[in-house]
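The values are calculated or read from the model by the stated rules, or taken from the named source; none is laboratory data. On a predicted model such as this, the values are computed, not experimentally measured, just so you know. Cβ coordinates were reconstructed from backbone atoms using ideal geometry, including for glycine residues, and neighbour counts include every protein chain displayed.
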Amino acid sequence: MRLWQDHLLKAELGQVVDWSHVDKEDYLLATKRSAVSTGKLKYLLLNNQTEDLTQACLFKGVDASYYYEGYNLYQTGEI
């Protein structure tokens, strides 16, 4: 879902979320609560946007996505 969100933000606003600044537990809790209230999720996403669309930033998003799912054995920069 995070990569999909980044794709939409990049296409529509020319920005992506800097996932290195989004706490894993805060994001997962906000995602769970988003069915009831989207405020916390919107806050996390809007306050951590960046216009840095370089490959390094996009790779950090992939790394964060895997980290949030519990996979952190490898980093994209190491592959």
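Couple of notes before you dig in:
- On the stretch given as the range 1-23, residues that are of a type in the set (A, V, I, L, M), buried (at least 17 other Cβ atoms within 10 Å of the Cβ) and farther than 12 Å from E51 by Cα total 1.
- The C-beta contact set for the range 50-73 (first residue of a type in the set (D, E, K, R), second residue loosely packed, with under 11 Cβ neighbours inside 10 Å and at pLDDT 75 or above, distance under 8 angstrom, 6+ apart or interchain) comprises E51/G14.
- Residues of the range 15-50 that are part of a loop (DSSP other than H, G, I, E, B) and modelled with pLDDT under 85: D18 alone.
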